[in-house]
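Input: a single structure, listed below in structure tokens.
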Amino acid sequence: MLNATVGDEIVIGTTTLDVPRRRGRIVEVIGTGEREHYRVRWEDGHESLYFPGPDAHLVRAR
């Protein structure tokens with residue numbers, strides 16, 4: 001569970017050698033606890049809902 005806040009950055013790791021990490025900014029936190037998920041604006045400008053998995057980590061907004 002990440003417990004993110006709006007403005008934090010989410011980084012999705014990859015196990016594939018030629019695929020870069022995916023990064024996005026959290027624009028909305030939806031739900032609480034184990035049901036928490038996020039609306040994320042990705043680097044390429046599109047937005048989507050994201051349900052974090054074990055490959056995700058958080059970079060806190062300053």
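The numbers here are math on the coordinates, done by the rules we state, and not lab data. Keep in mind that this is a model prediction, so the values were computed, not measured. Don't worry about glycine lacking a Cβ; one is built from the backbone with ideal geometry, like all the others, and counts go over all protein chains shown.
Structure data summary
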| quantity | calculated |
| --- | --- |
| For residue 24, residues with placed amide H under 5 Å, excluding near neighbours | 10 |
| Cα-based shape type of segment 1-46, given that a ≥ b ≥ c are square roots of the gyration tensor eigenvalues and the cut on a/c is 1.5 | oblate |
| Per-residue Cβ neighbour rank within 10 angstrom, fewest leading, 49, 17, 2 | 17, 49, 2 |
| Within the chain: Cβ-based charge dipole about Cα centre, in debye rounded to nearest 20 (Lys, Arg +1; Asp, Glu -1) | 180 |
